[in-house]
Amino acid sequence: MSENWVFYYDFNRCIGCHSCAVSCKNYHNRDPGVSQREREMADWRNVNHYESDEGDAFEEIPISTSCMHCHDAPCVDVCPVDIIEIREEDGIVTHDRPDCISCKQCLDACPYDAPTFSEAEDNKMSKCNLCLGQGTGSAHGQDKRETPEDGGVKPSCVDNCVGEAIKAGPEEEMLELASDEAVERFENGAHNQRVIVEPMRTGSEDVESLVDRVGEGN
Amino acid sequence: MSDSTEDRSGLTRRRLLQVGGASAAVAIAGCGDIYSDDNPATETPTNETEPDEPDQPDEPATDQLAYGNCWICHHNCGQEVTVKDGATVDITGVDGHPRGSAGAGTEGTVCPKGQAQIEKVHDPERIKQPYIRENGELREATWDEAFSYAADRLEQFDDDHGSETFLNAASWTTTPVVNRFWKNLYGTPERISRGIHVCAGPTFMTGGMMGVGSNNRIPDYQNSEFIIAWGRNMLESFAGQFEAKGVLTAIEENDATLVTIDPQHTETAQKSDEWLQIRPRTDGALALAMANVIIEEGLYDESFVREETVGFEAYRNAVEDKTPEWAAEKTGIDAEKIREIAVGFAEAAPAAGISQWTGTAQYANSWKASQNITALNGLVGNIDRPGGLRLWQSAPTADPFEVCEFTPEGESEPIQGVDLPNNAEGKQKAIDKHDEYSEYPLRHIEGIAHNLVPDMVDNGHINGIYVHYDNPLKDGNAAAWREAIEEMDLVIATDAYWNGVSRNADVVFPDASQLEKDTLGTGSWSAYSDRTWVTGSTAAVEPQWNTRPDYEIIAGLAAAMGWGEYFPWEDNREIINDQLSEVDLTLSELESGGDNYELLAEYEYETWKSSDGPTFWFDLGHIPPFANAAEEAGMTTAPEWQPPGTYGDEPGGEYPLEFYDTRAVFFSHGGDQALKGSQERYARRHELEDEDYRGNYLVLHPDDAADRGIETGDMVDVVSETGSGELMAYVSGSTRRGFTTTVYGFGPGSVQPEEEGMNSMDVHSKQMDPITGMVARHIAVDVAPTGGELS
């Protein structure tokens, strides 16, 4: 158990609506009115849809992911200029953005394809900061992340999740609201304990493997 | 304010925000100068040049909080909007909101469509000022010019054609005065609305005639143990987010079984215990077979049927030979599965509900499908019982024309009420007046049909139209409608976006978008199964550019027509306050206390117990207009099987595929396809965001695609006997072989600025349900790579 912040994801409540991704973009003022194509600014939170089979057996499973603020973040290890850190106080992975050299090694290393680079932002890396700050490059050096109960903001993706499928908070709080099965999986090392995922109620696809496939280019 | 009887914290959860003084984040400018606006049209947002605003350069820009009632699908989910320097910058939901949350103690959210409303406020694609047609071209005009021009043209139209040939096609307006203006003052009896004519006529009308109103759409999810999504996808295409939340809650808390009956896979199907991939347009057969099982197994509610219903014998006779084996042949669903679902539904009843809406109402044989499905509710006696078909109640509101208090010009004493004339009195609708429509059974039931309007224009029975936040070109015989719009002598459009109607109008009034207007919602179904409610909001920001809220547009037009005396309100907020006087509330009160809704009266279940007559009719012989229409259409008044093709198209021969149009979670109807953010999401959803294309996608089964050499990302032509369209293919096993769909509201005539994609109604001619005239949207087509040969 730790006070480090983690995401919790319940596939059974995700309706694939992308509200999380839209909300993130609005909150962080990533030009909601301008299309991705024009601004070349990738989303910090993504919803991927995995289709399989056909006929009665057809399945389509939405998986919403962002930077998971991994306790063992691979991006930290590969960054040649050493600007990415896992914050001791809350486990949120931030970076000292002005010093980014745009080598994109963090993107290659990330299991969730979370780091983004765009011309519109000087090609320097930006990604989810768990709403520790508002906007690109705003999180580095911020004080400890407070929970909404203590006056912190609720992460924007969580705030507008129609199905309440995404939650975020200190790991111990998230484990308390997870099902026994999800806790057991987490404690057995599912996803390297980077994210807490509920087992699927219906559907034959294995949500565990789908979450891990996000960074593999589908 | 949310609930005067409950202790609610009502704290804003995101951050400490200022709640604006008069509830609005930005003070709304007085309307006193509206009717003397002779300033040249400008593209500068008016709120940047407010002369009376005190200049406070030293004050840092502060986020302010405002509320909204989402209008994109007009189902009023609560919105909490962050406004900075007059701009809408962020948006989230209202906790505990009746439409936008799962109920008391739960969090409110805003779906992608609702979130896009903050983009719409500042969208440069919007219509920014009034336009009038001069020498054949639209030109920018001042408001005074536009009102005066419209008034002259309307007067001339009345002289030339008679006002009764002017069609009021106003849709989901945010003010209650629009229909009064056209009917009572201008004096036209012609009116076409959306719900019955192009959305789900058979669902509404069968429900109404069978005794349950249109409550057959939304069951009492929160208390349900068995939910059937019958041709519905309420996890994506919801009428308020409470629907999706209610279904998920029922699964989690009641261990409810969810069954989806749909030819195409949806998110609702994905989350279901059972997905029955039914053959399109055979829902009526499945419903009859379910009744057959329920009656055979003695699982129906005998006392309810005996004491509260009419026509059970006719129903029993109709289903007697409709065994699951019989239905299996029609529907493609295993007989055993049909038995299992029927028994599951009946055993869970009365805590078992069906949701039906558009999916089972948008084909030509849908009247009987709707009747057969709705009948199942009466059979298992779930009517107005927890978890079943809820007879939802709405909060009462006052008629603002009756309760308003004002001092007429030249008088010293205030008076109450506006003495509105009825200038439509004695005037007949074209369908009743002229013999040309006597072949249509629907004339016994309905006053007009969408697909008949072009004929009426051809015949000179309709000569002009007022279109308001709607686009008839996306619903029905689009090609004929396009010609009709050209042919009409006078077209007036009020809208936020350019589309095939506004571009061809004689007068264009630029409507403010939802967050720039005062709005009120009082609807029935919600996350609260036993409470009525109201939700309201003042404008979050001022109308952008040179736009105006729709009340001010109608009032301005009325003043120019010499009818200003009938509109004593300064703005829609005063009207809403008059409406709310019935429940002793004001808009300001609604917006105080950390939310923008109020729960009102509690109401009981089984309300039918307090009335003497029957509650439910299986057989509709008691309604003479329907009996007449049914006889002419060749159907009985009882539940009955009508195979696909009885009316409308039947795929085969040159046109072997069945085409249908659907909705995506990113768009509602045809109003927001202009928004780039929404287009982008839709493209990403299909992993086609790298293509230089932002139209709709044709979902094609892999085998149908392979037969035609089509791959995802290819441009294809969809061709019917009467029309065609071009769009991008998306090959997926989510649909049945032979069944192909796209999202409607794109292509020629749509609000998509480049008119990209296919107008799904370009393949439609005049297919309809004979009883309601509801546009039938299942069309026989073939598909080929663009420029290629049909198979």
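Can you pull out the residues in the stretch A:1-37 that are at pLDDT below 90, open to solvent by 10 Å² or more (accessible area, probe 1.4 Å), within 8 Å of chain B (Cβ to nearest Cβ) and on the phi < 0 side of the Ramachandran plot?
Scanning the stretch A:1-37 gives A:Pro32, A:Gly33, A:Val34, A:Gln36, A:Arg37.
So the check is Cβ under 9 Å with 6+ separation or different chains; which pairs have a first residue in the stretch A:165-189 that's modelled with pLDDT of 95 or more and a second one that's exposed (fewer than 13 other Cβ atoms within 10 Å of the Cβ) and assigned to a helix (DSSP H, G or I)?
Pairs found: A:Leu175/A:Glu187; A:Val183/A:Glu176.
Can you name every residue in the stretch A:38-80 that is at the interface with chain B (Cβ under 7 Å from one of its Cβ atoms), touching a Pro at 6+ places or on another chain (Cβ under 8 Å) and either modelled with pLDDT under 90 or over 21 Å from B:Arg685 (Cα atoms) (or both)?
Within the stretch A:38-80, A:Glu54 is the sole residue that qualifies.
Quick check on this structure: which one of B:His74, B:His122 is modelled with pLDDT under 95, closer than 11 Å to B:Gln514 by Cβ and either assigned by TED's automatic domain parsing to the domain that holds B:Thr535 or not β-branched (Val, Ile, Thr) (or both)?
Details: B:His122 fails: closer than 11 Å to B:Gln514 by Cβ.
The conditions single out B:His74.
Looking at B:Leu585, B:Leu620, which one is open to solvent by less than 50 Å² (accessible area, probe 1.4 Å) and touching a Ser or Thr at 6+ places or on another chain (Cβ under 9 Å)?
Numbers: B:Leu585 fails: touching a Ser or Thr at 6+ places or on another chain (Cβ under 9 Å).
Answer to the selection: B:Leu620.
Restricting the search to the stretch B:214-230, which residues are under 16 Å from the mean Cα position of the chain (by Cα) and assigned to a loop (DSSP other than H, G, I, E, B)?
Restricting attention to the stretch B:214-230, the residues satisfying the condition of being under 16 Å from the mean Cα position of the chain (by Cα) are B:214-218.
Once the filter is applied, which keeps residues that are under 16 Å from the mean Cα position of the chain (by Cα) and assigned to a loop (DSSP other than H, G, I, E, B), the stretch B:214-230 yields B:Arg217, B:Ile218.
Against the conditions (1) acidic (Asp, Glu); (2) open to solvent by less than 10 Å² (accessible area, probe 1.4 Å); (3) within 15 Å of the chain's Cα centre (by Cα), where does B:Glu236 fall short? Just the number, please.
Going through (1) acidic (Asp, Glu); (2) open to solvent by less than 10 Å² (accessible area, probe 1.4 Å); (3) within 15 Å of the chain's Cα centre (by Cα) one by one, B:Glu236 breaks only (2).
When only residues in the stretch B:471-491 that are of a type in the set (Asp, Glu) and outside any loop (DSSP other than H, G, I, E, B) count, which is least open to solvent (accessible area, probe 1.4 Å)? Give the steps one after another, and end with the answer.
Of all residues in the stretch B:471-491, those of a type in the set (Asp, Glu) come to B:475, B:483, B:486-487, B:489.
After this cut, where a residue has to be outside any loop (DSSP other than H, G, I, E, B) as well, the list is B:483, B:486-487.
On the way: B:Glu483: 128, B:Glu486: 134, B:Glu487: 98 Å².
For the stretch B:471-491, the residue satisfying everything is B:Glu487.
Of all residues in the stretch B:590-617, which are within 27 Å of the chain's Cα centre (by Cα) and open to solvent by less than 40 Å² (accessible area, probe 1.4 Å)?
Those that are within 27 Å of the chain's Cα centre (by Cα) and open to solvent by less than 40 Å² (accessible area, probe 1.4 Å): B:Leu590, B:Glu591, B:Asp595, B:Asn596, B:Tyr597, B:Glu598, B:Leu599, B:Leu600, B:Tyr603, B:Phe616.
Out of B:Gly652, B:Gly671, B:Gly648, B:Gly677, report the one residue that is within 14 Å of chain A (Cβ to nearest Cβ) and of a type in the set (Gly, Ala, Ser).
Details: B:Gly652 fails: within 14 Å of chain A (Cβ to nearest Cβ); B:Gly671 fails: within 14 Å of chain A (Cβ to nearest Cβ); B:Gly648 fails: within 14 Å of chain A (Cβ to nearest Cβ).
Matching residue, one of B:Gly652, B:Gly671, B:Gly648, B:Gly677: B:Gly677.
Just give me the residues in the stretch B:752-791 being open to solvent by less than 10 Å² (accessible area, probe 1.4 Å) and farther than 25 Å from B:Gln642 by Cα, in sequence order.
B:Gln752, B:Met758, B:Asn759, B:Ser760, B:Val783, B:Ala784
Test B:Asp692 against the stated conditions and say whether it is within 30 Å of B:Ala633 (Cα to Cα) and either out of contact with any Pro (no Cβ under 9 Å at 6 or more places or on another chain) or open to solvent by 10 Å² or more (accessible area, probe 1.4 Å) (or both). First the steps, then the outcome.
Working: within 30 Å of B:Ala633 (Cα to Cα): no; either out of contact with any Pro (no Cβ under 9 Å at 6 or more places or on another chain) or open to solvent by 10 Å² or more (accessible area, probe 1.4 Å) (or both): yes.
Judged against the criteria, B:Asp692 is not a match.
How many residues does the stretch B:239-261 hold that are surrounded by fewer than 24 Cβ atoms within 10 Å (Cβ to Cβ) and part of a loop (DSSP other than H, G, I, E, B)?
2
It is to be established whether one or more residues within the stretch B:302-322 are more than 21 Å from B:Leu620 (Cβ to Cβ) and either under 27 Å from the mean Cα position of the chain (by Cα) or open to solvent by less than 10 Å² (accessible area, probe 1.4 Å) (or both).
Our first condition is that a residue be more than 21 Å from B:Leu620 (Cβ to Cβ); within the stretch B:302-322, this holds for B:302-303, B:321.
Okay, now just the ones that are also either under 27 Å from the mean Cα position of the chain (by Cα) or open to solvent by less than 10 Å² (accessible area, probe 1.4 Å) (or both), so none.
No, because not a single residue in the stretch B:302-322 is more than 21 Å from B:Leu620 (Cβ to Cβ) and either under 27 Å from the mean Cα position of the chain (by Cα) or open to solvent by less than 10 Å² (accessible area, probe 1.4 Å) (or both).
Please find, among B:Val467, B:Val501, the residue that is open to solvent by less than 10 Å² (accessible area, probe 1.4 Å) and closer than 18 Å to B:Cys73 by Cα. So that I can check it myself, show each step before the final result.
On the way: B:Val501 fails: closer than 18 Å to B:Cys73 by Cα.
After ruling out the rest, the residue left standing is B:Val467.
With respect to B:Thr88, determine if the residue is within 12 Å of chain A (Cβ to nearest Cβ), at pLDDT below 95 and either surrounded by fewer than 24 Cβ atoms within 10 Å (Cβ to Cβ) or not in a loop (DSSP other than H, G, I, E, B) (or both). Walk me through how you get there before you give the answer.
Numbers: within 12 Å of chain A (Cβ to nearest Cβ): yes; at pLDDT below 95: yes; either surrounded by fewer than 24 Cβ atoms within 10 Å (Cβ to Cβ) or not in a loop (DSSP other than H, G, I, E, B) (or both): yes.
Here the answer is yes, as B:Thr88 does meet what is asked.
Going through the stretch B:488-522 one residue at a time, which ones are over 25 Å from B:Met456 (Cα atoms) and of a type in the set (Ser, Thr, Tyr)?
Listed by number, the residues that qualify are B:Tyr497, B:Ser513, B:Thr519, B:Thr522.
Got a sec? Which strands (runs of 3 or more DSSP E) wholly within the stretch A:81-188 have at least 3 residues that are within 14 Å of chain B (Cβ to nearest Cβ)? Walk me through it before giving the result.
Values: elements: A:84-86, A:93-95, A:166-170.
Ranges flagged: A:166-170.
Give B:Asp672, B:Asp703 a once-over and let me know the one that is touching a residue at least 24 places away in the same chain (Cβ under 8 Å) and open to solvent by 10 Å² or more (accessible area, probe 1.4 Å).
Details: B:Asp672 fails: open to solvent by 10 Å² or more (accessible area, probe 1.4 Å).
Only one candidate passes the filter, namely B:Asp703.
Please list, ordered by first then second residue, the pairs with beta carbon atoms under 9 Å, 6 or more apart or interchain, first in the stretch A:196-207 and within 12 Å of chain B (Cβ to nearest Cβ), second buried (at least 19 other Cβ atoms within 10 Å of the Cβ) and modelled with pLDDT under 85.
A:Glu198/A:Val207; A:Met200/A:Val207
The values are calculated or read from the model by the stated rules, or taken from the named source; none is laboratory data. It should be emphasised that the depicted structure is a prediction, and the values quoted were computed from it without experimental measurement. In this analysis, Cβ positions are derived from the backbone assuming ideal geometry, glycine residues included, and neighbour counts consider all displayed protein chains. Please note that ligands, DNA and RNA were not included when accessible areas were found on the heavy atoms of the full protein model with its side chains. Shrake-Rupley method; radii C 1.70, N 1.55, O 1.52, S 1.80 Å.
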